[in-house]
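One structure is given here, and the rest of the page talks about it.
The values are calculated or read from the model by the stated rules, or taken from the named source; none is laboratory data. All values derive from a computational prediction rather than experimental measurement. Positions of Cβ are backbone-derived with ideal geometry, glycine not excepted, and every protein chain shown enters the neighbour counts.
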């Protein structure tokens, strides 16, 4: 008898080997219909998978994350099937699942058009409605190479030829289309109902610019119609909030081909930058950090000692002087260790907290650059805490509390906490990993945080906490981190004198709250749809006159507000007041003050708040109190 243990610990017995689909049917017709696959002893498999020995089994449906991945993977194959139906001469290459969807790369004699995309999507729906079974077969590698060459799929043949000769490969068929794939897949095309093709792009074969440029078709797929619509709505909202678009409209920054991946900050944008930097500088000062500044160009021997030269050489900008090779720093940590090493440190000096607005450079591929979110030159709010192992728990607890306050001030309250634990390949004893993982988890418990475990995702030398923001439209941004490191201090011989008089290696906590200031400002722009909170807005208030008769009074108002430390724009142009109000409203200003004869005579201002809110006429003193309250409360 074959014993199948289900998630509720119940056991079902079968007299002979049984498929996942048969087990699902034995539980109930509803589950049999909903089943997309199974998880047998932790391995995700097709519903046709034959279970030949006692095993634990979970039935996977569209409600499970694994089920959604299967839907997306299978929809990628459906896309390739549709392309081959419409364009028989096209060759298929690869089609993986990506975040929120999938893509497939094709080789074809002409570029696909938006009309082609519409036709392909229509054909996909037609093929899905046939509810054709998806079946799997296994071939020896060489036989599979010969098969794909025979049907003219030379890219597939090349992929398979790179697999070791003694390995078998699996193929999946639906209707007239068969594709190379490890699987698993949904049992039939009828399970694929809620999808949409999104865009076309170019991609080099195997990512090598020396190879042919292929055509990449992106798509998205979901378990339900509502989920698909919610995603499409989110994309529409994200397009409105795109920081690149808003950066142009609000005159904040631009990117220029003369300096790819580097940012040209305009006066308004630089004002926002300074607002973020000065805020974080105050955070340093109020929480025991000493601000430092390290050089940007450092001899390569330092990067060799830390291991960065071997691992990140291709992402480092280098230069040479007097027969010495240097690199622009891609990170600040080694420089902070060199500062720590100046002079003898005692256990009484610890914890020692350094902070730096450190400018770093990384040679990111041009295809991966994205506005100010993904750049080649960036500045980090980079901090490093040198401490003893016994101080890790307290330092991590204090950091989490600090990070929560900072994020709240910037308008973020939805934070996801993850503890990345020991990977398979690691250094250090199990006792060390036990202690450090416990310290990180306990620090989050002390801060009242529910957290997830990212098993095996820690660095090879220690675990870390990742702090991820969820924004107004549900997107996630991993910004903050605190990471334990005893490896790099050892590489650079950092020491302190312990209470016992002996030399000890300090623990180094890498910590960042906003991370890259460029990226964080991009996130802020998109979170607030360009309408930055009053305390951060590059222009906080505009003063508009109706006629020239109020010009001098408007100048007095502007001067008074500037003396209060406010950022003021004075608009005395000879334009209709409705035009000026509309123009300044489009700049998403927190406040607009309109002054006519009545306001001038009363020594008052007519106040309009962002969002076309009319706050009425008030004294200048009352307005100053209103805006001051906004700024103080970070409203």
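Got a sec? Which of 366, 397, 401, 346 is under 21 Å from the mean Cα position of the chain (by Cα) and touching a residue at least 40 places away in the same chain (Cβ under 8 Å)?
After ruling out the rest, the residue left standing is 366.
Okay, residues lined up against (1) in contact (Cβ under 8 Å) with a residue 40 or more places away in the chain; (2) out of contact with any strand residue (DSSP E or B) (no Cβ under 8 Å at 6 or more places or on another chain):
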| residue | (1), (2) |
| --- | --- |
| 88 | no, yes |
| 91 | yes, no |
| 94 | yes, no |
| 99 | no, yes |
| 107 | yes, no |
| 115 | no, yes |
| 119 | no, yes |
| 132 | yes, no |
| 138 | no, no |
> Among 291, 304, which is under 24 Å from residue 386 (Cα atoms), surrounded by fewer than 16 Cβ atoms within 10 Å (Cβ to Cβ) and modelled with pLDDT under 95?
Replying inline: 304
> Can you name the residue in the stretch 213-231 that is in contact with a strand residue (DSSP E or B) (Cβ under 7 Å, 6 or more places away or on another chain) and loosely packed, with under 14 Cβ neighbours inside 10 Å and, of all such residues, is modelled with the lowest pLDDT?
Replying inline: 213
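Just to check your reading of the model, which residue among 126, 143, 153 is buried (at least 20 other Cβ atoms within 10 Å of the Cβ) and out of contact with any helix residue (DSSP H, G or I) (no Cβ under 7 Å at 6 or more places or on another chain)?
Values: 126 fails: buried (at least 20 other Cβ atoms within 10 Å of the Cβ); 143 fails: buried (at least 20 other Cβ atoms within 10 Å of the Cβ).
Exactly one residue qualifies, and that residue is 153.
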>> Report every pair of residues separated by at least 6 positions or lying on different chains whose Cβ atoms are under 8 Å apart, first residue within the stretch 577-590 and on the phi < 0 side of the Ramachandran plot and crowded, with 19+ Cβ neighbours inside 10 Å, second in a helix (DSSP H, G or I) and modelled with pLDDT of 95 or more.
In response: 590/627
> Residue check, residue 635 against (1) free of Cβ contacts under 8 Å to residues at least 60 places away in the same chain; (2) out of contact with any strand residue (DSSP E or B) (no Cβ under 6 Å at 6 or more places or on another chain), all met but one. Which one?
Replying inline: (1)
> residue 260 passes all but one of (1) farther than 29 Å from residue 525 by Cα; (2) assigned to a loop (DSSP other than H, G, I, E, B); (3) within 22 Å of the chain's Cα centre (by Cα); which number fails?
Replying inline: (1)
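Would you say residue 67 is in contact with a helix residue (DSSP H, G or I) (Cβ under 8 Å, 6 or more places away or on another chain) and surrounded by 20 or more Cβ atoms within 10 Å (Cβ to Cβ)?
Details: in contact with a helix residue (DSSP H, G or I) (Cβ under 8 Å, 6 or more places away or on another chain): no; surrounded by 20 or more Cβ atoms within 10 Å (Cβ to Cβ): yes.
It is false that residue 67 is in contact with a helix residue (DSSP H, G or I) (Cβ under 8 Å, 6 or more places away or on another chain) and surrounded by 20 or more Cβ atoms within 10 Å (Cβ to Cβ).
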> Given (1) modelled with pLDDT of 95 or more; (2) part of a loop (DSSP other than H, G, I, E, B), where does residue 273 come up short, assuming only one miss?
Replying inline: (2)
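Check 188, 170 and return the single one that is touching a strand residue (DSSP E or B) at 6+ places or on another chain (Cβ under 7 Å) and under 18 Å from residue 125 (Cα atoms).
On the way: 170 fails: under 18 Å from residue 125 (Cα atoms).
The match here is 188.
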> In the stretch 281-309, how many are closer than 24 Å to residue 491 by Cα and in a loop (DSSP other than H, G, I, E, B)?
Replying inline: 6
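How about the stretch 70-100: which of its residues are farther than 17 Å from residue 128 by Cα and not in a loop (DSSP other than H, G, I, E, B)? Spell out how you get there, then give the answer.
Within the stretch 70-100, the subset farther than 17 Å from residue 128 by Cα is 87-100.
If the condition is that a residue be farther than 17 Å from residue 128 by Cα and not in a loop (DSSP other than H, G, I, E, B), then 91, 92, 97, 98 are the ones that fit.
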> Can you tell me which residue in the stretch 310-337 is surrounded by the fewest Cβ atoms within 10 Å (Cβ to Cβ), limited to those that are part of a helix (DSSP H, G or I) and touching a strand residue (DSSP E or B) at 6+ places or on another chain (Cβ under 8 Å)?
Replying inline: 334
> How many of the residues making up the stretch 278-288 are surrounded by fewer than 17 Cβ atoms within 10 Å (Cβ to Cβ) and either closer than 20 Å to residue 331 by Cβ or within 27 Å of the chain's Cα centre (by Cα) (or both)?
Replying inline: 3
> Which fully enclosed strands (runs of 3 or more DSSP E) of the stretch 1-61 have 3 or more residues being over 37 Å from the mean Cα position of the chain (by Cα)?
Replying inline: 2-5, 11-14
> Any idea which of (1) more than 30 Å from residue 366 (Cα to Cα); (2) in contact (Cβ under 8 Å) with a residue 24 or more places away in the chain is the one residue 282 doesn't satisfy?
Replying inline: (2)
> So which residues in the stretch 186-234 are in a helix (DSSP H, G or I) and in contact (Cβ under 8 Å) with a residue 24 or more places away in the chain?
Replying inline: 189, 190, 191, 205, 225, 227, 228, 231, 232, 234
> Mind checking whether some residue in the stretch 429-448 is loosely packed, with under 15 Cβ neighbours inside 10 Å and touching a strand residue (DSSP E or B) at 6+ places or on another chain (Cβ under 9 Å)?
Replying inline: no
> Which ones in the stretch 532-565 are touching a strand residue (DSSP E or B) at 6+ places or on another chain (Cβ under 6 Å) and closer than 13 Å to residue 628 by Cβ?
Replying inline: 541, 561
